[in-house]
Structure formats: structure tokens, C-alpha cells
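What follows is a set of notes on a single structure, which appears directly below.
What follows is calculated from the coordinates using simple rules that are stated; it is not laboratory data. Here the structure is a predicted model, which is why all the values come from computation and not from measurement. Reconstructed Cβ throughout: ideal geometry from the backbone, glycine too, with neighbour counts over all protein chains shown.
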Amino acid sequence: MDIKKVFHMIGGIGETSYAANSSLQKGAIDMVKHITTESIVELYLATAPQNLVIADLGCSSGPNTLSVIGEIIDAIDRARLKFMVTSRRTEIQVFLNDLPSNDFNSVFLAWPSFFKEKLSKCNGRNDFERSPVPPPFVSIAGVPGSFYGRLFPTDSLHFIHSSFSLHWLSRVPVTLYDEDGKSMNKGKIYISESSPHLVSEAYLIQFQEDFSLFLRSRSLSSNPEEEWCSSCWEGLVHIILRVLMLYYGSFSPVPLGDIDEEKLNSFDTHFYAPSQEEIEEEVRKEGSFAIDRLEVFEMRRDIQNGSSTYGTTVATTVRAIQESMIRHHFGEHIVNDLFEIYGRLIDEEMTKGEIRPIASIVAMRKRL
Ligand SMILES: C[S@@+](CC[C@H](N)C(=O)[O-])C[C@H]1O[C@@H](n2cnc3c(N)ncnc32)[C@H](O)[C@@H]1O
């Protein structure tokens, strides 16, 4: 399967869209937003560029994309008001990146009213046109393509942000399959307790290959003195996929149409949640960046996407992310039932107190 063509979040603003089902991620982004804003303000004060160029990698579509940009605009504007960094109007250029199949249209449609609203409230000032300190001028542009490779010209970025995206690998590890194309992780869709040891090794090797390519590509496009990078990894899907796999693996009595065993055996996810040590090791080996902060935190479980339980919230969140892949592989007919059952299974697991979703944030600075 060509992941770049098939994998996409559900676009638009409908009931099953990523826009309507990404509040768990928003909750985690908010928990660590002080790290993102402190990083960008420190960079801004140290360098005071008239034109600050930032990129959000794996931006998707929906409120999270613009809210991160909004926080950055606010933080820069606050710092400029407080420290009178420059008398010139600050300009911020934002590049929004995702795979070409992302629903960029929804983001661009939402942008004018979002920006107008932002300006009308920006840091307590409400008449910008007459204000002696004008608000930042912000321009956005889309950059379709994989972040596992070059996306930007040399030395063109000051700050890179990425949330809930880097755990998506560029592909399912090829070493999972034997010469006949059969998966050695038969009956499972990710690393599980009963997977052969070679499975976790294959995923780790793929992560190392991808992440070092990611770092190398970013180091080329970022300005040598001014680079920060802040990213989120999550463990949430890891846990959820284990539940999903349990469901698949046990051939639950709940019917899901005619899924044959062959289809189950050949579905593997292109996901990896690295440990703190694995992230540190790769950053050290690749050598372009130094880690300023690396923190692991537990995500909130009291958020609901308008759903009745945490289980359904998780299920609708994962559906918005995974539906394209599941539909492509198994067919559309299983999707509704699968995610309904899945939500129930998560609620059952929750009563045992076993699900503790975690995420990590890392802030890195380019080495001189
Ligand atoms: C779960 S969404 C996260 C969206 C948003 N950043 C947030 O925090 O809510 C993950 C996004 O990463 C994108 N993505 C995954 N692999 C990618 C790649 N290799 N290059 C660019 N974007 C990628 C997906 O298409 C998807 O839109």
C-alpha cells in the first residue's frame, strides 16, 4: 500500500472528521504549550528577525492546526509589547505541511475568519489599525509533501513545530515480511506481547531510519543560529491498537462482516511510539540538534469529543485518523461496527484502570 496516497485524516468538518474529533490531542498540546511558547519567545528575543519563519509539520485540518499558530502569534506579540523588541511591524510566515492528500482546503477556508478574530482580540488590543504597536502581519502557505525528506530551501526556517505526527513512520517496516510477502506478525497489527522479538526490532529500525532522515532534512532547511524544534509523540494509539488487536486477534463473537484471516494477517500499522531513550539516542547519533527539554507526561482522560464516554471519544479520535487505512484494506462495510465495538472495549478496559495514555514533548535546538 502506498501510504502517502492512502493515509489521511478524515477531512471537512463532519461528524467523523478529524476537525470534530481531535480534542484529546488538543488537551495534550495545551498541557505543554508553555514549552512551545517559551521556546519561540526565547528564539524571538535572541534574534528579533523582522520576518519570523515557522513551519508546522503534519498540520492536518481542524482547530488544532490554527490554534497552535494562534498561540505562537500571541506569544510573539506579547513579547514584542513587553520588551519593545523592534519598532518595525513583526512579520510571521507560517508554512503548513502535510501529505498531499490532507484537506488543506478546510484550513485555508477557516484562516481568514480565524485571523480576523485573532487580531480583534490580540493581547487585549482591539483597534489595531490605530494602535501605535501594530499586530504581527501573518501569512500562511501550504507545503504538501512528506516530512521524511527536504521540504524547504536551505536555511529558510527559524522554528519548526510538529504535534502528534512524528510517530507515523514512512512505511510499515519491510523486514516484517518474508520472501513471500507474509507478515511475521501474523494475527496482529502492531507490536504486542506475543509478537516475535524481531517485530519490535523491525519497528525500531524503521523509526531510527525515519527519524534520522527527519532530523537531517530539518537541519538543512533551518537557519544555523536560530533553530528550535518542538514535537509531540504519543503512546495513546499504541495502547488503543493493542485493544484493537485483541479484538481482531480473538475473532470476537461480534460479527464484522466477512473479514477473512488473510486480510487480518496482512494488516500492519506504520506507527511507532519511541521511548525517551530511543529519541535521545537518535538525536545524539544524527548530531544536528541538541535536546533542550524532553518530557513525558500523562494525557488527560476527562476530555470528550461530544461523545458520551471516554471510550467513544477515543474510538472516534482513532477513527478520524485510521479510517482511510482500514477502509482501504478491509472495505467500508466494517468501519461503523468496528469503531463502535472498539469504543465499548476501551470503556471496559478503563474500568480495569489499565489505560494510561502518555505523550512526550521534545524541544531541540540546532547545533552551531
Ligand atoms: C494525528 S494528525 C496531527 C494533526 C495536528 N498536528 C494535531 O496535533 O492535531 C497527524 C498528521 O500527520 C500527517 N503525517 C503523517 N505522516 C506524515 C509525513 N510523512 N509527512 C507529512 N505529514 C505526515 C498526517 O497526514 C496527519 O495529518
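Structure shown: which of Lys4/Lys285; Lys5/Lys263; Lys26/Lys263; Lys5/Lys352 lie over 30 Å apart, alpha-carbon to alpha-carbon?
Beyond 30 Å between Cα atoms: Lys26/Lys263; Lys5/Lys352.
Tell me, what ³J(HN,Hα) does each residue in the range 205-212 have, in order and in whole Hz, if you take phi through Karplus 6.51 cos²θ - 1.76 cosθ + 1.60 with θ = phi - 60° and put x for Gly and Pro?
Those phi angles translate into 4, 5, 4, 4, 4, 5, 5, 6 Hz.
Dimensions of the range 2-79 along principal axes (Cα, Å, largest first)?
Extents along the principal axes, in whole Å: 41, 27, 17.
Quick check: residue separation of Lys5 and Arg78 times 0.36 nm, minus the Cα distance between them. What number comes out in nm?
22.2 nm
Which order results if Arg319, Arg88, Arg300 are arranged by neighbouring Cβ count within 10 Å, fewest first? Before the final figure, lay out the partial values.
Values: Arg319 22, Arg88 11, Arg300 15.
If I rank by nearby Cβ atoms, fewest first, I get Arg88, Arg300, Arg319.
Hand me the GluC sites (Glu not before Pro) from the range 164-215 located in a DSSP loop with no more than 13 other Cβ atoms within 10 Å, in residue order please.
On the way: sites: Glu179, Glu193, Glu201, Glu209; in loops: Glu179, Glu193.
Counting only loop positions with at most 13 other Cβ atoms within 10 Å, the GluC sites (Glu not before Pro) in the range 164-215 are Glu179, Glu193.
Each residue of the range 180-190 in order: what ³J(HN,Hα) in whole Hz does its phi give by Karplus 6.51 cos²θ - 1.76 cosθ + 1.60, θ = phi - 60°, with x for Gly and Pro?
Result, ordered by residue: 8, x, 8, 6, 7, 9, 3, x, 10, 10, 7 Hz.
Taking H placed 1.01 Å from N in the peptide plane, check which residues at least 5 places from Ala55 or on another chain put their amide H under 5 Å from its amide H.
Those qualifying (amide H under 5 Å, at least 5 residues apart or on another chain) are Phe95, Phe159, Ile160, His161.
How do Thr47, Thr317 rank when sorted from fewest to most other Cβ atoms within 10 Å of their own Cβ?
The most exposed by this proxy come first: Thr47, Thr317.
Give the separation of the Cα centroids, the range 288-359 to the range 1-60, in Å.
The range 288-359 and the range 1-60 have Cα centres spaced 18 Å from each other.
Would you list Asp155, Asp268 from fewest to most Cβ contacts within 10 Å?
If I rank by nearby Cβ atoms, fewest first, I get Asp155, Asp268.
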